[in-house]
Every structure is written in C-alpha cells, then in structure tokens.
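Worksheet: one structure, shown below.
No value in this document is a laboratory result; all are computed from the given coordinates. What you see is a predicted model, and the numbers here were worked out from it, not measured in a lab. Ideal geometry is used to build each Cβ from the backbone, glycine not excepted, and the neighbour counts take in all protein chains shown.
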Amino acid sequence: MPVVFRAYQMKHDPSRLRQEILRLEQARAPHVQAILETREPMRRGSFVTLHRKCGKPTCHCTTDQGHPAKYLSLKDGGHTRLVYIGPAQEVGVAETNGRYRRFRDNRAAIARLSKAVLDIINRLEAALVLPESKLATGRRRRGRGGQRVD
Ligand SMILES: [Zn+2]
C-alpha cells in the first residue's frame, strides 16, 4: 500500500477520529468545570500598572519612570477607558478581575476545543457516509451503451 494512501486512511480512520473526539472532550471538561465553579462576581477589564508624572517640578518622578498607579483598562465600543483604582480598592479589584480573566480564558479554551470537536465530527461524518452512487434504486441510471454508471 502506498505510504501516502496509508497516511490518508489513518487520518480518516473512524476509530482514530472517535479517539480524537474523546481526547478533546476530556481536555474541554476541566474548562467547563471551572466555568460552573465560578460563583462569585467578576469585574471586566485588564488590570494594569501605569507610571505617571505628578507634575511637581521638585519630585523624584521628574528623573525616574514616575509614580506607579493601578488602573482598570476597559473597552467600551471602540474606545479604551482607564479607570483609576485606589490602594483601598486594589485587592478587591485584583480578585474580581482575576476571576474574570480566568473565566474568559476558560471560555476561549471551550470555544477552541468545541470547534475542534465539530471539525472532527464533520470528518467522521465524511468517513461514514456512503456514496449516494451506491444506492440501489428502482430505476438505474444508464450511461452510453447501456452500462450502469453506479
Ligand atoms: Zn512625582
């Protein structure tokens, strides 16, 4: 059997495709579980630290990178908005935003793995569906000279 053909057969082997679906489903399960276990509130956005100059001419920030401050970067439509997060809010926002980031990461993994499962289901379908030309119908199509063309 030619190597190329054998590789094609293996790629379209229904039992290998089933194994691949199972593998992907097992990879997806912990992400679904993490979504189900998310019960506390979440805060949208990206938590970022920016360094700013305060503007006082004698401050050390005139010569160094500036004063660090926490912001929540939020996308509203096409715009990005920065919301200052004061020291008192920092721990709480880091926690709720961290939860949001993990939720979104899990969601992205589920989307990617679900698409991969569907792709393989499509390949499994293609591997299992019989060609319609093999259907025994009452009226056989005939080619020139009367040979069957199934
Ligand atoms: Zn300063």
Residue by residue through segment 50-66, note down the ones that are surrounded by 12 or more Cβ atoms within 10 Å (Cβ to Cβ) and under 21 Å from residue 97 (Cβ atoms).
-> 50, 52
Restricting segment 41-84 to residues that are under 21 Å from residue 95 (Cβ atoms) and of a type in the set (S, T, N, Q), the residue that is nearest to the chain's Cα centre (by Cα) = 46
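Yes or no, residue by residue, for (1) touching a residue at least 60 places away in the same chain (Cβ under 8 Å); (2) under 21 Å from residue 108 (Cα atoms):
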| site | (1), (2) |
| --- | --- |
| 37 | no, yes |
| 42 | yes, yes |
| 58 | no, no |
| 64 | no, no |
| 75 | no, yes |
| 80 | no, no |
